[in-house]
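The values are calculated or read from the model by the stated rules, or taken from the named source; none is laboratory data. Nothing here was measured: the structure is a model prediction, and the numbers come from that model. Every residue, glycine as well, gets a Cβ built from its backbone with ideal geometry; the counts of neighbours run over all protein chains shown. Ligands, DNA and RNA are excluded from the accessible area calculation, which covers all protein heavy atoms including side chains. Shrake-Rupley method; radii C 1.70, N 1.55, O 1.52, S 1.80 Å.
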Amino acid sequence: MTAKIAAPLSLSTEMQGINRETVSFPSSSGRLFDGYFSSAQNWKFGKNDLIDARGRRLFETTAMACNADAYPFQIPLETRTGPEVQADGHSMLMLSSYDYLGLIGDPRIDSAAIEAIRNYGTGTGGARLLTGTTDQHQRMEQDLAVFRGTEAAITFSSGYAANVAVIGALFGPADRVIMDALCHRSLTDACRFAGVQVQRFQHNDLKSLRHELENGPPANRTLIITDGVFSMDGDICLLPEIIEIKKEFGSFLLVDDSHATGVLGAHGRGVDEHFGVSASEVDIWTGSLAKAIPSTGGFVAGSQELCIFLQHASSPYIFSAALSPASVAAIREGLSILAREPERVARIEHNANVLRCGLRNLGYDTGLSETAVIPVILKDEVTTALFARRLRDHGILAAPVLFPAVPQGSARLRLCVTAAHTRAHLEFALRVFAIMANS
């Protein structure tokens, strides 16, 4: 029997009292650094110091935020994440969690993880190539390959590590990468670590992609890279057109589908299912197992040949500890639930449309968003950080994204909608944003 999505949570007292004056809850920012920023510090930031001049802006802005009780990051949650969380001693609506399918805390996943610990322990005692592989790792990767529609899949400690692994193992200084300008930072770092030449094309601009392919320094092989869903803007890559271009130029294609996995397509398989494209049209798929799939880890999916090579040639697979048995079990159960309950994917799309349309009607700039990632672009960094702090006083956690994660002048709140958000949650959020717009 198909299990139903959990019943709506009752709104907390703070949320129910939205029409009263702002509560001004104290935040955790004053305690986070053990008073480090509460007294004058003699920072040097000289060229010969351990932290050089690059640290000046970071420390000065962090000190300013902490002294204003508005430091917006690293808020310690006091319960598991979900549509409502406990933080700073009270209940708040979570609007920036990657738990797209609403599966964190699902008792079926918790039970699978606990059973895995009973059978295999809390760790494997080794790296995957040596003594860290269990039969559950192998079955999990088979499950992933079936889900992704590829011949094989291989997993790593994170989505970041998966990108570093595959680019570093396959490409080097004699090759080139042509990457969408808004691709995830892990892809940029992976190219830098590999020493591969990098060209960037303007975001989702096919003419720009063609221009870069036709120009640039000579190279042995060319790899085109794009995100499936862009993590800061919430829009979708032009996959069918990019596939045609990569065939025309004889290039390879890597798609990081971290924010599309579990979110796009009727069954949540990702951007290929969204467009009705065969997964085999893309040479390399990468993604996260810590977002819609409620665990830790990352994956590379593709041909069996590719995955066998990566098992023996990618440093993160050879020299990093294997995923824990609990993480492996959570991945398998998460994939199983998604297969049985595709209505969760439809719930994400519905909730995202409700919140995005509501915010736009209130006059907020939600940029290019067309998925569960909904930016609220406020442009100015100080304005954005203070906006996030005021949201906390109204009982909402929403993560601000500032330079260098986004270009200067494009600071934003990054909202993430999940299948676990109820109509009441979304209406509450829109009431708060309406108050903020008029204040």
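Give a residue-ordered list of calculated ³J(HN,Hα) values for segment 381-393 (Karplus: 6.51 cos²θ - 1.76 cosθ + 1.60, θ = phi - 60°; whole Hz; x for Gly, Pro).
Each residue of segment 381-393 in turn: 5, 5, 4, 5, 5, 5, 4, 4, 5, 5, 4, 4, 5 Hz.
Looking at segment 213-290, what % of its DSSP beta bridges pair antiparallel, to the nearest 5?
Taking every DSSP beta bridge within segment 213-290, about 10 percent pair in antiparallel fashion.
Can you list the HN-Hα couplings for segment 296-308, worked out from phi with the Karplus curve (6.51, -1.76, 1.60; θ = phi - 60°), rounded to whole Hz and with x for Gly and Pro?
10, x, x, 9, 10, 10, x, 6, 4, 4, 4, 5, 5
Could you state the accessible area per residue of the chain in Å², with a 1.4 Å probe and every protein chain left in place?
Spelled out: the 1.4 Å probe surface of the chain, per residue, equals 44 Å².
Which of the peptides 47-59, 327-339 is most tightly packed, and how do the rest follow, going by the mean number of other Cβ atoms within 10 Å of each residue?
Descending mean neighbour count gives 327-339, 47-59.
DSSP beta bridges in the chain, what fraction antiparallel, as a percent rounded to 5?
Looking only at bridges with both residues in the chain, the antiparallel portion is about 55 percent.
When you count, for each residue, the other Cβ atoms within 10 Å and take the mean per peptide, how do 296-302, 423-429 rank with the highest first? It would help to have the intermediate numbers written out before the result.
On the way: 296-302: 26.1, 423-429: 19.0.
Ranking, from highest mean packing down: 296-302, 423-429.
What percent do you get for the relative contact order of segment 310-439 when only Cα pairs under 8 Å and 6+ apart count?
Rounded, it is 24 percent for segment 310-439.
Count neighbours as other Cβ atoms within 10 Å of each site's Cβ, and list the chymotrypsin sites (Phe, Trp or Tyr not before Pro) in segment 60-114 that are DSSP loop with at most 16 such neighbours.
Qualifying residues, ordered by number: F73.
Within 15 Å, Cβ to Cβ, of N163, how many net charges do the neighbouring residues add up to if Lys/Arg are +1 and Asp/Glu are -1?
In short, -3.
Report, to two decimal places, the Cα Rg of segment 297-370 normalised by 2.2 N^0.38 Å (N = number of residues).
1.71
Suppose the Debye formula is applied to equal point scatterers at every Cα of segment 254-309; what is log10 I(q)/I(0) at q = 0.15, 0.19, 0.21 Å⁻¹?
-0.41, -0.64, -0.77
Dipole of segment 211-315, Cα-centred, from +1 at each Lys and Arg C-beta and -1 at each Asp and Glu C-beta, to the nearest 20 debye?
360
What is the Cα coordinate range of segment 62-137 on the first, second and third principal axes, sorted by size from largest, in whole angstrom?
51, 29, 21
Between L253 and residues 5 or more places away or on another chain, which pairs have amide H atoms under 5 Å apart, with H built 1.01 Å from N, and which residues are they?
Under 5 Å from the amide H of L253 lie the amide H atoms of I224, D283, I284, each far enough along the sequence or on another chain.
So the label point goes 7 Å from the Cα of Q408 along Cα→C-beta, right? Which residues of segment 372-396 then have their backbone N under 15 Å from it?
Residues passing the 15 Å test: 379-382.
Largest first and in whole Å, what are the equivalent-ellipsoid semi-axes of segment 156-256 based on the Cα gyration tensor, each being the root of 5 times an eigenvalue?
Its equivalent ellipsoid spans semi-axes of 19, 18, 11 Å.
State the percentage of accessible surface on segment 271-359 attributable to carbon and sulfur atoms; use a 1.4 Å probe and exclude ligands, DNA and RNA. Write out the running numbers ahead of the final one.
Details: 1660 of 3160 Å².
Whole-percent figure for carbon plus sulfur exposure: 52.
What value, in deg cm²/dmol to 500, does the helix sum -39500 (n - 2.57) over DSSP H runs of n ≥ 4 give at 222 nm once divided by the residues of the chain?
Calculated at 222 nm, the ellipticity per residue is -12000 deg cm²/dmol.
Name the residue from A153, F171, V376 whose Cα lies farthest towards the positive end of the charge dipole of the chain, charges +1 on Cβ of Lys and Arg and -1 on Cβ of Asp and Glu.
Comparing the listed Cα positions along the dipole, V376 ranks first.
Taking N as the number of residues in segment 94-147, what is its alpha-carbon radius of gyration divided by 2.2 N^0.38 Å?
1.41
Amide H neighbours of L415 under 5 Å, at least 5 residues apart or on other chains, H built in the peptide plane: list them.
Those qualifying (amide H under 5 Å, at least 5 residues apart or on another chain) are I374, V376.
Round to the nearest 10 and give me the degree value, 0 to 90, for the angle of helix 185-194's Cα axis relative to the longest principal axis of the chain.
40
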